[in-house]
Each structure stands twice: as structure tokens, then as C-alpha cells.
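Right, one structure below, let's go through it.
The values are calculated or read from the model by the stated rules, or taken from the named source; none is laboratory data. What you see is a predicted model; the values in this text were computed from it and never measured. As a convention, Cβ positions derive from the backbone with ideal geometry for all residues, glycine included, and neighbour counts pool all protein chains shown.
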Amino acid sequence: MNRRGDRTVVFENEAYISSSASIAGKKEGDGPLGNSFDEIVKDDLLGTESWEKAESELVKRTIYRCIEKRGIELEDVGVLLAGDLNAQIISSGFAARDLGVPFLGMYGACSTMIESLLTGAVFVASGASQNALACASSHFCTAERQFRTPLELGTQRPPSAQWTATAAGACLIEHEKTEIEITSGTIGRVIDLKIKDASHMGAAMAPAVTDTLFGHLDDMKTELSSYDKIITGDLGIYGLDILKELVKRKYKMNTDELFYDCGANLYSKQQDVHAGGSGCGCIAGVLSGYIIDLLRKNEYQKVLLLGSGAMMSVTSSLQGESIPSISYAISLERCEND
Amino acid sequence: MKTDNIRFFPSEKEYKKIVEEKTPNSKKVQGFLRAFWVGGVICVIGYFVGVLGEWIGFSEKNLPMFNASVLVYFGTLLTGLGIYDRIGKYAGAGSIVPITGFANSVCAPAMEFRREGVVTGIGAKLFTIAGPVLTFGISASVIYGFIYWLKEYVF
């Protein structure tokens, strides 16, 4: 493990993803990626009596599935790094209460999964832990009541608004070689181009993603084309367009086929979610199912994942603050078994 | 920072322009038409509730109260049944502005926050949406009443 350039950590055969699991809600299950989830929960409440408890249950189930697939027990988990969008990350904290594993709460808003994977990889590569479990979750109903309006209020959303995904994803990182290696990770900087519209998160976050992408490529001394796909978390349809425009200012090439946004692809047009999905669970769920599957199937050799999060709150918005954002990157590479 | 990518970034002003270019606006004409016909239908229903009230025998003074009560009842009922938010998604201001929309804005938080307790949930959050309307509506009526009083009894 080495630091390279300004803010990138390079792993040399030290951190691999050995197992992953994702669980999503009914709406996400009905979307184009529905088949890639390990489980689709039909009941929004997951048999509990509140949305917050439901999200916590979602986290637990995803973690159980992830370690089950690897064939290890809870006691074998060296450290759990998890976070969510609820204030004081209660979904993760309450799940960790029931799991009883060593726990580090993470918060990077919607970039939490990538932040957790990066931190987890450092733990594993440094020998601080024999394995690390990275997890992130979001639930439409918990996010809606915290950040926006009550569910039953009859309001309209603008075209740039996004839909918080009900989903959770977990990845187990180990030192032992598997098909998928975490080869590098880049730490983000908080970037703010003074966007204030809380119903256009894609616009607020696109500059942060651009900054981390440029930083990563500079540090690694590599080009955009060295990746099969560059996967962003939840910029949404319009945020992704803005990102392409920003990237064009430095790299003058056609990037239409190169970028893939999890949020923009999580739902179909008919589902009428406007600009696409968002939330911690968006990239977590899509990565832990769909993307990892494609790497395993050899469809992709090398991908760069860019999670992005808005570092704002309801209070900061009400006080007239703009929306500062952050983005973390990790690169995943498929390696052939010897 | 050793590498400087800031030079590739647009200024805040330029960025605002890029965002505006890339983001579609709400469909205004469609929105107006939908708001107009749904709002109109709610008003027509309100009119016939008035007719019904007259037929029952409410006095002219009590009729508006009967009318408002019936509309609030149905606004609340439709919110509880999970229908009013769908009407609102379609009609926008057409279903927010009539009194049924007010009922919706009070009932929705009541349903949402009931899990936080009757007092600390429902009690505290009931007027989170409608609160400003009440605050400024009541304040305006006090000021109006004062001016009226001055006009009638002082000058």
C-alpha cells in the first residue's frame, strides 16, 4: 500500500472483494436492474413498525447475506464500516448493535459506500484487520421525511428531482486473492460551485466528481480510456450530462459510452422518478450486485467507481447555504485466477 | 496541491449557465391546464356542497362553515387513503390551493410523525407545513381587523 500523487492510495495485491450482497425495495426490483439484487423486499416496512427500523433491518439482512455467501460467521468479521443518510447514522448504528461486530460508523452522504470501501481496503492492506465489511443503505421513506416532505403530501417534484433508492449493499474485503481486486482509491475534496437547489443534487455533486476524477487520473498518470467503465453513484440523468460537459473541458473526447450512472439506470422511464435514483443505497446496491457480477462475468476488466455525496443538511439549506459536495473513487480490476 | 485542475473548472457563474442548459424546466402549459381543471372541479364540488347545505337548511351565516367542514373531511379522508398525494402529483397547485389541500397539509404530517408519539410526534409536527399559512394568515387578519376598527370607531 502506497500513497501516490496528491491523494491516491495504491494497493498492490493487498485488497480483494471476496463476497458481496445487495437487497432492494419493490420499486427498485421492478426496475431494469431488478434481477441483479440478491433479494427484493416486497414490504417497505420489512415487518417492523417504523421506516427507520426497516432500514436497519435491511442493513442487517444484507450483511448476513454477504457473509453467508462467503461462508464465514459474524465473529469472523474484523471490522464493519457502514453508514446511511439518517441523522447520526442510526440505521447502521442500530444494525451494529444487533450484530455485535467491531464497528466504524461512516458518513459521506451518498458517497458512503465508496468511502467505506476505500477505508476498508486500507485496513486490510495495512494488516490492521484480516477482513473488512463495507456497507451502506438508504430507504425512500426515511430520507423523504427527513429531507423533504411527509409522504402523503400532494406536491409536485421538478424534473431534476431524484428518488431515494430503498436499497443496501455490502462488500467483504479480504487480503486473500479473489477475482476482483481493489487496486487504488482516491480521497475526495469538498467542492462547492454554489448550487443551492436541493432538488438538483446532480448539479451540486458533478463538480466534486469531476475534481476527484481529474485528481485520480493525474495521480495514477493515466487516461480516461484506461477504464472500461467509469461508474458514478447518483448524479442522475442531468447530473451525468453536466459531468460529461465538465470532463470535456480537460479531456476532449466522446465519453458517452464510458460513463455509467447508477442512479440514472436504477429505474425505467415508466417508473416516473424524474432524474433517477439517489441515496447511499443507490451505488451500494448497484455495485454489490450488478457491477460485481459484470466483473465476475468478465464483461469489464477495469472500472472506476466514483461515489458522490452532498455535505449539506436541512438546517444548512434553510440558512441559505449552498451545497458543498465530495466524491471518493476506487478502482476495481478483474484478475485471473492462477 | 501539486496538480492544479481548477483551471479546467468553470466559474460559479459559468457553471450556473451550464446547469441551466442541461436541465429541463417543468412543463408549464401542461401544469397550468392540469391545475386549472382539477382546481376547477374541486370548486364545482364545493359549490354543490353549498347547494346541499342550503337544502339541509343551514343559514347563510353557517353555510360557509358547513362547506369548509365537508371539504376538509374529504381532503383528510383522501389523504388517509393515500389518494390525495397522487392527485397532487398530477394537479400541483390545482389541489394545493383549495381548502382540501390545506387538509392534506395537516393530515400528511400527522400520519408521517405518529410513530414519534401523540404529543411529541403528531402534536409537535401537525402544522409543520400549514404552520406558516396559519401564522401569517392570522397575523394579517389581526392587522386588517385593527385597520377596520380604526375606520369604524376612531375616524
Note to self: If I filter the range A:221-266 down to residues being surrounded by 18 or more Cβ atoms within 10 Å (Cβ to Cβ) and among the β-branched types (Val, Ile, Thr), which single residue comes out as nearest to the other protein chains (Cβ to nearest Cβ)?
What the structure shows: A:Ile242
Margin query: Just to check your reading of the model, which residue among B:Pro98, B:Pro109 is within 14 Å of chain A (Cβ to nearest Cβ) and in contact with a Pro (Cβ under 7 Å, 6 or more places away or on another chain)?
Written below: B:Pro109
Checklist line | Extreme residue, nearest to the other protein chains (Cβ to nearest Cβ), among residues of the range B:54-89 that are surrounded by 13 or more Cβ atoms within 10 Å (Cβ to Cβ) and assigned to a loop (DSSP other than H, G, I, E, B) | finding: B:Ile83
Item checked: Condition check for B:Ala103: more than 7 Å from chain A (Cβ to nearest Cβ), within 14 Å of A:Pro150 (Cβ to Cβ) and modelled with pLDDT of 95 or more -> yes
Next item on the list: Mind counting the residues in the range A:10-40 that are among the aliphatic types (A, V, I, L, M), touching a strand residue (DSSP E or B) at 6+ places or on another chain (Cβ under 6 Å) and either surrounded by 21 or more Cβ atoms within 10 Å (Cβ to Cβ) or on the phi > 0 side of the Ramachandran plot (or both)?
Entry: 5
Check: Which residues, taken from the range B:1-47, are assigned to a loop (DSSP other than H, G, I, E, B), under 26 Å from A:His216 (Cα atoms) and either at the interface with another protein chain (Cβ under 7 Å from one of its Cβ atoms) or of a type in the set (Lys, Arg) (or both)?
Finding: B:Met1, B:Lys2, B:Thr3, B:Asn5, B:Phe9
Next item on the list: Six or more apart or on different chains, Cβ under 7 Å: which pairs go from a residue in the range A:81-102 that's under 20 Å from A:Leu117 (Cα atoms) and without any contact (Cβ under 8 Å) to a residue 12 or more places away in the chain to one that's crowded, with 22+ Cβ neighbours inside 10 Å and among the acidic types (Asp, Glu)? Could you list them?
Entry: none
Next item on the list: Report the residue count in the range A:145-155 for those that are at the interface with another protein chain (Cβ under 9 Å from one of its Cβ atoms) and free of Cβ contacts under 8 Å to residues at least 40 places away in the same chain.
Entry: 7
Margin query: Show me the helices (runs of 4 or more DSSP H) found entirely inside the range A:253-338 where at least 2 residues are touching a Cys at 6+ places or on another chain (Cβ under 7 Å) and modelled with pLDDT under 95.
Written below: none
